[in-house]
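Beneath this line is the structure, given in structure tokens, with notes to follow.
Computed from the coordinates by the stated procedures, all read-outs in this text should not be read as laboratory data. Model, not experiment: these values are computed from the prediction. Every residue, glycine as well, gets a Cβ built from its backbone with ideal geometry; the counts of neighbours run over all protein chains shown.
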Amino acid sequence: MGTQEEPKIVGKEEEEEEEEEQVVNPWEVSAKDGGKIDYDKLIEKFGCGRLDRSHIERVERLTSRPAHVFLRRGIFFSHRDFNEILDAYERGDKYYLYTGRGPSSEALHLGHLIPFVFNKYLQDAFKVPIVIQLTDDEKFLWKNLTIEESRRLARENAKDIIACGFDISKTFIFADFDYVGGAFYKNMVEVAKRVTYNQAVGIFGFTGEDHIGKVSFPPVQAVPSFPSSFPHLFSGKENLRCLIPCAIDQDPYFRMTRDVAPRIGCHKPCMIYSSFFPALQGESGKMSASDPNSAIYVTDSAKDIKTKINKYAFSGGQDSIEKHRKLGANLEVDIPFKYLSFFLEDDAELEHIRKEYGAGRMLTGEVKQRLIEVLTELVERHRAARAAVTDEMVDAFMAVRPLPHMFD
């Protein structure tokens with residue numbers, strides 16, 4: 001497959017009709033009347049491709065290990081030029097990973113963990129380095145946070161990221177307030193000069209009421225896609241390709257980046273996009289850090305998890321046992337089953353639940369109980385790993401230093 005064509009950049013007015021049905025951008029994810037996000041429409045609108053079985057089989061063949069559950073269950077469902085990364089790797093060319101986190105909350109919820117869990121799998125499977133951007137500047141610009149608080153939250157979030165198990169010999173974590181400058185800033189200016197204000201409005205929907213800090217931010221998120229932004233890591237490797245696994249709401253940043261990249265002599269970054277981890281109350285969007293009852297946090301106790309699942313997790317089961325036994329659960333809207341599809345490792349057990357619950361032979365309470373067990377184990381394991389992360393470890397991951405064994 002050749003390089004995908006970039007979608008036409010259109011103005012806000014041309015998208016108005018679609019945006020009435022669903023809004024998906026880096027700052028808002030919502031569907032009309034509380035409905036589901038239509039991912040087929042997003043693929044068509046954004047102009048990206050769908051991941052299929054052939055991609056998964058190639059990953060398994062190239063890495064000699066099973067694909068991650070997020071791949072084989074379609075949670076990462078869309079891409080831009082993923083085949084180019086796999087082609088390069090098959091020729092013996094390495095690449096690097098790039099992902100990030102906007103530090104706006106003290107603790108992460110499970111939805112926040114998904115890109116890091118998946119990137120950790122890719123780092124291990126392909127034996128490649130990763131750069132992880134903490135956009136503390138973005139959260140100062142968009143949220144009611146001081147610079148000092150944004151910086152503090154970045155370090156706290158870094159502890160949760162490190163707890164996912166990243167290899168320190170292949171990982172560089174950086175916060176924008178500390179790192180931006182030098183070669184990184186040079187690339188920012190190269191990008192900024194090639195994106196007009198009208199294009200930025202068309203891509204991001206900025207209005208006359210937005211302060212200019214927001215308008216100036218997109219190049220900051222764009223340039224980690226270019227290896228020359230990290231001379232301490234990739235000096236002499238400026239032709240290295242970049243793969244960015246993230247949620248599809250980040251696509252506007254990277255449509256812009258891919259449009260600019262050839263004009264400044266860089267490879268277009270390749271993308272692999274996930275769907276959203278739905279809120280406990282249903283699939284109208286993604287978990288929200290502003291509503292604690294919409295999410296399971298990595299700081300939640302076993303009691304908190306049990307209460308939230310039993311009280312708030314939207315069920316696709318019927319409203320009586322008799323009706324449920326007859327009609328079965330609607331798995332398309334059932335949140336406990338969807339959460340299990342993210343975090344229950346055993347494919348055979350998930351398929352058993354799918355059949356039994358869908359046929360009405362398994363009740364909602366049984367499915368919720370299994371989910372409580374799975375999430376309690378996951379959160380307790382993460383909490384233990386995070387407790388072992390010291391400030392000195394954060395300093396080591398964020399130190400500007402070479403990674404001589406990053407491709408070993």
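Let me check I've understood the local charge: for SER301, count other residues with C-beta under 13 angstrom from its C-beta, Lys and Arg +1, Asp and Glu -1. What total comes out? Please list the in-between numbers first.
Working: positive: LYS303, LYS306, LYS308, ARG383; negative: ASP300, ASP304, GLU380.
With Lys, Arg at +1 and Asp, Glu at -1, the neighbours total +1.
Close amide-amide hydrogen proximity is noted between THR171 and ILE130, each under 5 Å apart and 5 or more residues distant or on a separate chain (H modeled in the peptide plane; Pro and chain starts excluded). Considering only alpha-carbon pairs that sit under 8 angstrom and 6 or more positions apart, the relative contact order computed for the range 292-387 is 33 percent. Expressed per residue, the C-alpha convex hull volume of the range 320-408 stands at 147 Å³. Of all beta bridges that DSSP places with both ends in the chain, some 40 percent have antiparallel geometry. Other residues whose C-beta falls under 10 angstrom from the C-beta of THR376 contribute a net charge of -2, scoring Lys and Arg +1 and Asp and Glu -1. Near GLY100, the amide H atoms lying under 5 Å from its own belong to GLN133; only residues 5 or more places off or on other chains count, and H is placed 1.01 Å from N. As a rough footprinting exposure proxy, the listed residues VAL215, VAL128 were ranked by other beta carbons within 10 Å of their own, and the order from fewest upward is VAL215, VAL128. Taking every alpha-carbon pair under 8 Å whose residues sit at least 6 apart, the range 12-281 reaches a relative contact order of 23 percent.
Cα convex hull of the range 259-392: mean projected area in nm², to one decimal?
Values: hull surface 49.4 nm².
Averaged projected area of the range 259-392's Cα convex hull equals 12.4 nm².
Cross-link reach is defined here as a Cα-Cα straight distance under 19 Å, omitting same-chain residues fewer than 8 places apart; for LYS306 the aspartates and glutamates meeting it are ASP291, ASP334, GLU366, GLU373, GLU377, GLU380. For LEU280, nonlocal amide neighbours, meaning residues 5 or more places apart or on other chains whose placed amide H falls under 5 Å from its own, are ALA295. Across the range 83-205, the relative contact order, built from alpha-carbon pairs under 8 Å that are at least six residues apart, equals 27 percent.
The angle between the Cα long axis of helix 53-63 and the longest principal axis of the Cα atoms of the chain comes to about 70 degrees, rounded to the nearest 10.
Taking only the C-alpha atoms of the chain, the Rg (one decimal) and the largest Cα-Cα distance, Dmax (whole number), read 21.2, 68 Å. Projecting the Cα atoms of VAL260, GLN318, TYR357 onto the dipole axis of the range 257-367, where Lys and Arg carry +1 and Asp and Glu carry -1 at the beta carbon, places VAL260 farthest toward the positive end.
Net charge near PRO269, counting Lys/Arg +1 and Asp/Glu -1 over other residues with Cβ under 11 Å of its Cβ?
On the way: positive: ARG80, ARG241, ARG255, ARG258, LYS268; negative: ASP81, GLU84.
Here the charged neighbours net out to +3.
Taking the Cα centre of the chain as reference, the dipole from Cβ charges on Lys and Arg (+1) and Asp and Glu (-1) amounts to some 920 debye.
Here's the list of aspartates and glutamates a cross-link from LYS193 could span, going by alpha-carbon distance under 16 Å and ignoring same-chain residues fewer than 8 apart: ASP259.
Taking the fewest neighbouring Cβ atoms within 10 Å as the starting point, the ordered list for LYS306, LYS36, LYS311 is LYS311, LYS36, LYS306. Here LYS32 is the anchor, and the aspartates and glutamates within straight C-alpha reach of less than 16 Å, apart from those fewer than 8 places off in the same chain, are GLU15, GLU16, GLU17, GLU18, GLU19, GLU20, GLU21, ASP40, GLU283.
Each peptide in 165-171, 90-96, 103-109 receives the mean, over its residues, of other Cβ atoms within 10 Å, and ordering these scores from highest gives 103-109, 165-171, 90-96.
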